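Written out below as structure tokens is the structure these notes cover.
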Amino acid sequence: MADNNTPTKQRTMAENHRVGSFCATALFVIVCGLIAFPLLAGLTASLRPAREIFQNGMSLNLKVSEWNLHNYAYLFTKFINPKTTDSVAIADSNKYFMWYKNSLVLTLTTVVLTLLVCYFVAYGMTMYKTKLGNFLFFMVIATMSVPFEILMLPLYQEVTTIGLINTNAGVFLPGLCAAGTIFFFRQYMQGLPKELLDAARVDGCTEYGISVKIMMPITKPAFASMAILCAMGSWNNMLWPMLVFRDTNKFTLQIGLNTLLTPYGNNYDLLIAGSMFGIIPILIIYLIFNRYLVAGMTSGAVKG
Amino acid sequence: MSKVKKILYSQKVAPFVFSLPFCISLLVFWLYPLVTGILMSFQTVDFGVTTWVGVSHYTKLMKDPFFRTAVWNSVEYMILTLLLLVPIPMLLAVLIESRITKARGLWKIIMYIPALTSVVISGMLFRLMFSEGDGSQMNQLMHMLGQSSIPWLKSKGTGWVALLLLCMWRWTGVNMLYFVSGLNGIDGSLYESADIDGASPTQKFWYVTLPLLRPTTVYVITISVFAGLSMFLESFMLWNGNSSPKNIGLTIVGYLYKRGIETNELGYACAVGVVLMIIALVINFIQLFATGTIGFKKKED
């Protein structure tokens with residue numbers, strides 16, 4: 001024991017620690033550099049002439065002197081709907097901003113409705129001791145273990161029959177009771193004291209009043225983390241909206257960007273600029289609510 | 001009227017009212033499509049006329065070389081992503097949560113950013129990075145190493161390097177965060193007693209961290225199995241459409257999309273979907289059994 005406390009030993013240990021600390025930190029600098037690389041490459045490519053991207057892909061040679069905002073300027077001012085479109089309202093308007101707006105509207109509607117519905121469903125499952133609640137929770141797990149892609153085609157037919165094709169409702173309705181979101185709300189509510197409910201009942205609050213006035217404010221952090229995950233999913237969702245939307249003026253940003261890739265030539269200049277600008281909303285939300293996100297996405301991992 | 005209201009507001013009925021949206025959604029948007037999907041796999045739909053064809057779609061599938069390629073690609077992709085996206089993020093998580101790494105918060109924030117990009121954007125970035133011209137970054141890198149340009153996306157070996165790098169780029173940070181949260185759930189006093197017993201860092205990892213991290217590991221493996229098997233858009237974006245050279249990027253869902261949407265053979269496509277579901281359930285069952293999550297429980301401690 002005495003050996004451990006000699007000054008030389010302590011010095012080597014401190015030195016080892018410093019070397020280890022340097023190596024570990026250096027590793028993360030390298031990993032994060034590699035992770036940032038494609039995005040930085042995309043960003044610099046968006047500042048360079050379109051022809052060059054088309055010919056060379058994204059080059060390592062930065063040529064900073066040639067940087068300009070032409071691609072963005074073209075995207076924001078010249079990329080407009082033709083005069084001859086069916087709808088008068090969208091003729092001559094900017095195509096990119098139209099997709100952007102569609103995505104924002106769809107994402108906002110999806111997030112608000114999904115969170116509210118999932119909250120009340122989870123509340124009903126968790127706050128009352130019923131057999132139904134346990135059965136429904138089992139069904140939540142069951143829906144989670146069937147990949148969406150299997151339901152895609154029959155669901156597409158169904159949505160067409162109901163008449164929801166080409167509408168926002170057709171996109172968000174099938175996913176409104178998101179199993180993951182219900183699961184998370186349930187996990188969160190299980191940790192809350194149920195005595196609050198009885199106290200509120202004694203005070204004459206109705207069952208529905210309790211769920212809105214008492215429990216909702218307490219579950220705010222859960223709402224925050226689910227809101228980000230849901231917003232990310234909705235903003236970046238592509239496969240299902242691609243099937244539901246037919247008209248170009250209904251397209252979301254992701255589908256719209258995808259249409260820039262055609263067999264007759266790819267508009268990489270518009271695509272890169274549009275992509276880089278399209279990350280911004282979700283990046284802002286992420287940077288602001290980052291700490292809630294971690295809590296949200298790890299909820300399922302705790303219990304396994 | 002007030003009687004109805006009284007019933008609706010009672011403590012017995014309220015849970016049913018709360019659960020109603022889920023029940024409706026479950027029936028309309030899950031059970032119904034699931035059952036129709038399975039039924040449709042035994043039928044052909046031609047211009048609205050449905051004929052019962054029995055298991056002929058399935059026997060045809062067994063002989064379909066494209067389907068075999070698709071299944072093999074999906075399974076291979078799943079195995080490779082499991083090998084890459086479980087151990088590496090786990091080690092990174094252990095390293096980032098150990099006291100020795102500086103500026104931990106910053107690295108966590110940066111490493112998650114790729115998951116914010118959509119498949120369209122990430123697919124485009126990687127396609128441009130790996131494009132076959134002499135000017136693309138990966139080919140410039142090859143030039144620096146004294147090699148000549150490679151048509152990356154034209155053959156399976158190099159094309160899959162791009163595909164797997166794309167996958168790692170998007171998911172390493174996400175999986176790392178799962179493991180970080182798992183690590184935070186481990187009781188710190190266990191490490192202290194391990195220290196007193198004189199355990200080395202490697203021993204601590206094998207005998208304390210790994211066993212206690214098991215729920216997280218099982219969770220990450222489960223979601224990776226599903227995500228790997230149902231991968232489609234990554235290859236769709238990387239190869240700019242659903243037809244890659246020699247079908248090197250064809251996956252089960254890609255084939256389902258091709259038959260169901262592009263050539264409108266709904267019955268056949270549904271059979272593909274049913275096979276995918278069976279493969280996913282079997283693999284997941286084996287996995288949950290092997291990790292001891294279901295079945296007989298091992299005694300811990």
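The values are calculated or read from the model by the stated rules, or taken from the named source; none is laboratory data. Since the model is a prediction, treat every value here as computed from it, not as a measurement. Here the Cβ is made from the backbone with ideal geometry for all residues, glycine too, and neighbour counts use every protein chain on show.
Miscellaneous remarks
- Flag if B:Trp171 is hydrophobic (A, V, I, L, M, F, W, C) and free of Cβ contacts under 8 Å to residues at least 12 places away in the same chain: no
- Looking across segment B:117-143, the residues that are surrounded by fewer than 21 Cβ atoms within 10 Å (Cβ to Cβ) and facing chain A (nearest Cβ under 7 Å) come down to B:Gly133, B:Gly135, B:Gln140.
- Only residues that are of a type in the set (S, T, N, Q), more than 10 Å from chain A (Cβ to nearest Cβ) and not in a helix (DSSP H, G or I) were counted in segment B:236-250, giving 3.
Here is a yes/no grid of residues against (1) away from chain B (no Cβ under 11 Å); (2) free of Cβ contacts under 8 Å to residues at least 12 places away in the same chain:
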site: A:Leu197; (1), (2): no, no
site: A:Pro217; (1), (2): yes, yes
site: A:Gly233; (1), (2): no, yes
site: A:Gly278; (1), (2): no, no
site: A:Ile288; (1), (2): yes, yes
site: A:Tyr292; (1), (2): yes, no
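- Test: residue in segment B:40-49 that is at the interface with chain A (Cβ under 7 Å from one of its Cβ atoms) and either more than 23 Å from A:Phe185 (Cα to Cα) or at pLDDT 90 or above (or both): yes
- Taking the criterion of being among the small types (Gly, Ala, Ser) and closer than 22 Å to B:Ile248 by Cα, the residues of segment B:128-171 that qualify are B:Ser131, B:Gly133, B:Ser136, B:Ser149, B:Ser155, B:Gly157, B:Gly159, B:Ala162.
- The set of residues from segment A:157-192 being closer than 23 Å to A:Asn102 by Cα, assigned to a helix (DSSP H, G or I), touching a Pro at 6+ places or on another chain (Cβ under 9 Å) and within 10 Å of chain B (Cβ to nearest Cβ) comprises A:Val159, A:Pro174.
- So B:Ile278, is it out of contact with any Phe, Trp or Tyr (no Cβ under 9 Å at 6 or more places or on another chain), surrounded by fewer than 17 Cβ atoms within 10 Å (Cβ to Cβ), more than 9 Å from every other protein chain (Cβ to nearest Cβ) and modelled with pLDDT of 90 or more: yes
- When we screen B:Ile121, B:Ile109 for residues that are aliphatic (A, V, I, L, M), at pLDDT below 95, assigned to a helix (DSSP H, G or I) and under 27 Å from B:Val218 (Cβ atoms), the only hit is B:Ile109.
Conditions (1) over 17 Å from A:Ser46 (Cα atoms); (2) of a type in the set (Asp, Glu); (3) more than 20 Å from the chain's Cα centre (by Cα), marked per residue:
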position	(1), (2), (3)
A:Asn236	yes, no, no
A:Met242	yes, no, no
A:Arg246	yes, no, yes
A:Phe251	yes, no, no
A:Asn258	no, no, no
A:Tyr268	no, no, yes
A:Gly274	no, no, no
A:Ile279	no, no, no
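- Pairs meeting the criteria (first residue in segment A:11-38 and more than 28 Å from B:Ser136 (Cβ to Cβ) and assigned by TED's automatic domain parsing to the domain that holds A:Met276, second residue in a helix (DSSP H, G or I) and aromatic (Phe, Trp, Tyr), beta carbons under 7 Å, at least 6 apart or on different chains) are lacking.
Residue-wise test of (1) under 16 Å from B:Tyr32 (Cα atoms); (2) basic (Lys, Arg); (3) modelled with pLDDT of 90 or more.
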site: A:Thr126; (1), (2), (3): no, no, no
site: A:Phe138; (1), (2), (3): no, no, no
site: A:Thr161; (1), (2), (3): yes, no, yes
site: A:Ala169; (1), (2), (3): no, no, yes
site: A:Pro174; (1), (2), (3): yes, no, yes
site: A:Gln190; (1), (2), (3): no, no, no
site: A:Lys194; (1), (2), (3): no, yes, no
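- Look at (1) at the interface with chain B (Cβ under 10 Å from one of its Cβ atoms); (2) farther than 30 Å from B:Gln43 by Cβ; (3) assigned to a loop (DSSP other than H, G, I, E, B); (4) not acidic (Asp, Glu) and you find that A:Ser211 fails only one, number (3).
- Of the residues in segment A:221-243, none is out of contact with any helix residue (DSSP H, G or I) (no Cβ under 7 Å at 6 or more places or on another chain) and either more than 28 Å from A:Phe138 (Cβ to Cβ) or surrounded by fewer than 16 Cβ atoms within 10 Å (Cβ to Cβ) (or both).
- Any hit, segment B:209-221, residues being in contact with a helix residue (DSSP H, G or I) (Cβ under 9 Å, 6 or more places away or on another chain) and more than 14 Å from chain A (Cβ to nearest Cβ): yes
Yes or no, residue by residue, for (1) assigned by TED's automatic domain parsing to the domain that holds B:Lys204; (2) within 30 Å of B:Met176 (Cβ to Cβ); (3) surrounded by 13 or more Cβ atoms within 10 Å (Cβ to Cβ); (4) β-branched (Val, Ile, Thr):
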| position | (1), (2), (3), (4) |
| --- | --- |
| B:Leu8 | no, no, yes, no |
| B:Lys12 | no, no, no, no |
| B:Pro15 | no, no, yes, no |
| B:Ser25 | no, no, yes, no |
| B:Val28 | no, no, yes, yes |
| B:Leu31 | no, no, yes, no |
| B:Lys63 | yes, no, no, no |
| B:Asn73 | yes, yes, yes, no |
| B:Glu76 | yes, yes, yes, no |
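- Yes/no for B:Ile96 being surrounded by 14 or more Cβ atoms within 10 Å (Cβ to Cβ), closer than 30 Å to B:Ser243 by Cβ and within 28 Å of the chain's Cα centre (by Cα): no
- Residue in segment A:250-269 that is farthest from B:Ser122 (Cα to Cα), counting only those that are part of a helix (DSSP H, G or I) and modelled with pLDDT of 85 or more: A:Lys250
- Segment A:34-87, subset of a type in the set (A, V, I, L, M, F, W, C) and modelled with pLDDT under 75, residue surrounded by the fewest Cβ atoms within 10 Å (Cβ to Cβ): A:Val64
- Residue in segment A:132-145 that is within 10 Å of another protein chain (Cβ to nearest Cβ) and in a loop (DSSP other than H, G, I, E, B) present: yes
- Given (1) under 30 Å from B:Leu8 (Cβ atoms); (2) polar (S, T, N, Q); (3) surrounded by 18 or more Cβ atoms within 10 Å (Cβ to Cβ), number of the condition A:Gln187 does not satisfy: (3)
- Residue within segment B:185-206 that is within 12 Å of another protein chain (Cβ to nearest Cβ), of a type in the set (A, V, I, L, M, F, W, C), touching a residue at least 24 places away in the same chain (Cβ under 8 Å) and on the phi < 0 side of the Ramachandran plot present: yes
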